[in-house]
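One structure is given below, encoded as structure tokens.
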Amino acid sequence: MADNDMALIVAIDDYSDGAFCPPLRGPNNDAMAFRRWLTSDNGGDVPGDRITQVSARRLLGKQPLPALIGSRPTLEDVREAICQLRMSARAMRERDEPVGRLYLYFAGHGFASDFGNGLGQMFPAMYTAEVTRDLLHAHLLCWTYGKALFEESLFREVFLFMDFCQTAPGQRVTASPLPFDVRRDELHSLNSFFFWMAGATAYNPSFEHRVDGKTRGIFTEALVAALKGCARDPDTGALTAQDLKKYLYNTMPHFLTDDERAQIGHAVVEPDIDYLPNSKEPRSVALVPDAPAPTFRVHLHIPRQAIGQRAEITFGDDCRQVVVAVEHVRRIWKVRLPWRLLEVRLPDSGLFTLVEPIPIPERVTKVSVDAWQS
Amino acid sequence: MPGNHKRVQLTVTARDTAAEIFLIDDTLNKIAQGVGALSYTVSPGVYKVKLKIGTQTQEQLVRVRDDQPTHHVEIAALPIMTAVPIADSFFSRDAHRDAIAERYSGAPHLELGSGSHIYLCARDLVAPGSSIEAVSHPMRALSLRDRMGTVLVDFEIESERFDGDPSAPLALCMVAVDPGLYLLHLELESGLQVDQALFASLGWHTHIYLLQRYWTPDDRAVDLLNASILMNRDGTFDYSDEIVRLNEVLRLGLVQNRPVLSSDIVQAVNGKAENPMGGLLAAHHLLLRESVGDLFASTVARLLELMPDHPDVTALTLRLTPPLHPTGLSTPPMLRHSWQLILDASTSQPDLVPAYSLNAQIGSRLLSGLPWVVWQTPDLIDSPIILDDDGTMGLAPDPVPTPALPDTRITPTELDKTEAALVQFKQQQQPIDLLENAPAPLSDADIDALLDDETSRAHFVRFTNTPQARVNAQLAGLLKRRGSGG
């Protein structure tokens, strides 16, 4: 068990000014999905008592929610949680306990803030529940929090996940300061790692949709799928920060259905992922122990003239490595394949097609008869 | 991809010379990238080619075989997000294009001056079956103002409407003006007011194309942040799609803060075809690439020929080697990246931006969208803007007001904000005792230290997005209010 790892999860569905920040239905569902991965033995393996979850339900307990909708968590609620977490980490360090990993997860409404850094970089910022048009300082500069905790070297690694919009606000937003003074430890931070992922790039929205009767954020849905193993390297079975990055960049749009994609029009569905250049290489940071990589469902519709012939699926240098081959292929070849770029060949007909399996569990990648080339 | 097979030269060219191209190997790792074109030696196998323009992307899988020494991939045009109704864009309408071309060949609607022109085109496009209603007027709540805030044109009244299609209204307004700074001012029902800097250069027509956006859940009006701005000599709508596409792809790159530029593009914008807006955008892309050599110098030189009076060109001269040393930049530039050049330079040259000019006051109010300088209009009662007398600007200094009583020109509210920013700045710059969680109160010594220490002061300038001279005035005002200064 990752006894020295810690996590902070902040999820806000309802805001006091529903016209400014309309209710969301995804953040708490997403937070629970992320928490389930965090606490699972084959996931983050973080002890439950080391996870601080800040949400209206947890803060308000059994009080009648309708009367209190949008009142919590406030900026102060989250700041207090961060200060508590930081003090716990300090106490551990003072007891000479090994430093662990910190997971920070935020979901709600957000925006791109440029406060304090000019043009060079946008800060992903999330509104807290009490925000109104006249109280815009009620927000968290999530990236700044993550970086401050990284710079203090209280943790071996800081993973920051942010599922909220990074649209440009229609009005100027003044900054919300950190609740503590940062004590930088540059020596240690050189051996540390700060990696962040946001569900949207600067000036773009993030999206939620219905999955199995629940509303989920697209980013968190993809993130949790990746963490559960979909992002594992098909050759080594490793799941590093680099694999996570690669998975999110390549697959996030696939989590939307065709109808949903049509509905969002020209909006971009792309994460924003980076790490501090002075920290470790993402390839060297494994999130979970190695295990076999999963395979994904692919249905290949075979051209009429090739049905019953030999077929093979290959990859690698000049596509010489065979993943699977059959002597007599059926009209629809149903096969499970690793997530990589593959060539499917029908040698007797001289036909081939290229395929990238969509690496989402239960999703079927369909290759039509029109996709074959000679 | 290790192996003994021969290598193949894979080349990829995109229809858009400023499109980003990424090459991804069969394990989904990015192995190469380029702008407009890409050439990379690979082993035979399967690859993914990804094209990116602004926020739009397109992917295709490619099989590279070992029977040829080279493999070429050509990628067709990707529709782009532009408010100009050109081909291969998401918001193109032939009817709009025809109406603009016809009207722009005629006389201006208004003549407020001479020497320069501002042409405004605002449209709305509502998809069939959408729950969104087209705006009542594409230029609703929009006006042209001078730098003092005086209304010159109420576009809702003065513009010409083309309402052939109720789901796609179009309004145009062509105005002859004196060269200088103007403000596109938007005043929304929610009370929110924003201004966009618009500089009309001598001898140029500045064309602004606007679509609509939601500023608040209830307020839908022109989208200043995503405006498409072009310039030409004669005002006609004679842009070839190539020039518009190039400019717009460069603009979309700046919006994402991504350098998308090749030497071919720079040569194109510096060539015989006069394209000053393309030159401005290309120059900033060069700076994003940290390329300030000959290409940058020739681009700025060409811009100085075309429009020596433009504040964005003046801003670019700050990065020449050796730099020109303009002073008294009281006029905001149009591009946010130009603003940043001015702000940065003000840290070593405090007289660059006069403390009481419009340029000194907008930084803390800038909206965070790129690439244009758009700011939330100050409350005139609470924070009066003190302007320079001179409406024009160039490399010659503007008159700098004598700050006899600096703090009298800065309101108590601004001092409150300065104090709050100082507390936050101190938090981030000066770590204190490990167990101290509550921020220490701000002391006069902290302010004095900031005034004395050039490096810290420069950091504070960037931190507050406020030019040096204004920061100096704020700090002096703060000390005076605390009873320990001047």
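Quick notes on this structure:
- Shielding by partners - mean other protein chain Cβ count within 10 Å, residues of A:335-344: 3
- Within straight-line reach of residue B:480, meaning a Cα separation under 18 Å, sit the following aspartates and glutamates at least 8 residues removed in sequence or on another chain: B:407, B:414, B:416, B:419, B:444, B:446, B:448, B:452.
- Phi angles of region B:57-67 translate, via the Karplus equation with coefficients 6.51, -1.76, 1.60 and θ = phi - 60°, into HN-Hα couplings of 10, 8, 10, 8, 8, 10, 9, 9, 9, 8, 8 Hz per residue; Gly and Pro are given as x.
- Counting, for every residue in B:18-29, the Cβ atoms of other protein chains within 10 Å of its Cβ and taking the mean gives 4.
- Highest-fluctuation residue, A:128, A:236, A:39 considered, GNM on chain A with Cα pairs under 10 Å: A:236
- ³J(HN,Hα) computed for each position of region A:30-37 - Karplus, 6.51 cos²θ - 1.76 cosθ + 1.60, integer Hz, glycine/proline x: 5, 4, 5, 5, 5, 5, 4, 5
- Taking the charge dipole of the protein assembly as shown about its Cα centre, with +1 at Lys and Arg Cβ atoms and -1 at Asp and Glu Cβ atoms, the residue from B:464, A:252, B:352 reaching farthest to the positive side is A:252.
- With a Förster radius of 30 Å applied to the C-beta separation of residue B:56 and residue A:327, the computed FRET efficiency comes to 0.10.
- Net charge of Cβ neighbours under 12 Å - reference residue B:183; Lys, Arg +1; Asp, Glu -1: -1
- Backbone HN-Hα couplings from phi across region B:92-100 [Karplus 6.51/-1.76/1.60, Hz, Gly and Pro as x]: 7, 9, 4, 4, 5, 4, 5, 5, 5
- Inter-centroid distance (Cα atoms) of region B:131-167 relative to region B:223-301, Å: 28 Å
- Per-peptide average of other Cβ atoms within 10 Å, ordering A:302-311, B:241-250 highest first: B:241-250, A:302-311
- Peptide B:48-57, shielding by other chains (average Cβ, 10 Å cutoff): 2
- Among beta bridges from DSSP that stay inside chain A, the antiparallel ones total about 55%.
- Beta bridges by DSSP in the protein assembly as shown, antiparallel share as percent, to the nearest 5: 70 percent
- Other residues lying with their Cβ under 12 Å from the Cβ of residue A:267 contribute a combined charge of -1, Lys and Arg counting +1, Asp and Glu -1.
- Of B:128, B:153, B:172, farthest towards positive along the dipole that unit charges on Lys, Arg, Asp, Glu beta carbons give region B:102-174: B:153
- Per residue, chain A reaches -6000 deg cm²/dmol at 222 nm when only DSSP H runs of four or more residues are counted, each adding -39500 (n - 2.57).
- Projecting the Cα atoms of A:369, A:40, A:308 onto the charge dipole of chain A (Cβ charges, centred on the Cα centre) puts A:308 farthest toward the positive pole.
- Only Lys, Arg, Asp and Glu carry charge here, each on its Cβ (+1 for the first two, -1 for the last two); on that basis region B:8-75 has a dipole of about 120 debye about its Cα centre.
- Centroid-to-centroid separation of region A:331-370 and region A:300-319 [C-alpha atoms, Å]: 8 Å
- Charge sum, other residues only, whose C-beta stays under 14 Å from residue A:283's C-beta, Lys/Arg counted +1 and Asp/Glu -1: -1
- Think of each Lys and Arg Cβ as +1 and each Asp and Glu Cβ as -1; about the Cα centre, that makes the dipole of the protein assembly as shown roughly 2580 debye.
- What the Cβ-Cβ distance of residue B:93 and residue A:264 gives, at R0 = 22 Å and to the nearest 0.05, is a FRET efficiency of 0.55.
- Amide H to amide H, with H built 1.01 Å from N, residue A:296 comes under 5 Å of A:337, counting only residues 5 or more places away or on other chains.
- Along chain A, counting only GluC sites (Glu not before Pro) with a DSSP assignment other than H, G, I, E or B and at most 11 other Cβ atoms inside a 10 Å radius, the longest segment between sites is A:1-326.
- Region A:245-282 and region A:1-27 have their alpha-carbon centroids 20 Å apart.
- Expected 222 nm ellipticity per residue - DSSP helices of 4 or more, -39500 (n - 2.57), all of chain B, to 500: -8500 deg cm²/dmol
- Over 26 Å apart at the Cα level, from the set A:334/B:50; B:48/B:272; A:246/B:6; A:147/B:426; A:280/B:52, are A:334/B:50; B:48/B:272; A:246/B:6; A:280/B:52.
- In chain A, the alpha-carbon atoms span a convex hull of 161 Å³ per residue.
- Ellipsoid semi-axes in whole angstrom, largest first, where each is sqrt(5λ) of the Cα gyration tensor of chain B: 40, 32, 22
Values in this text are rule-based calculations from the coordinates and carry no lab data. Nothing here was measured: the structure is a model prediction, and the numbers come from that model. Here the Cβ is made from the backbone with ideal geometry for all residues, glycine too, and neighbour counts use every protein chain on show.
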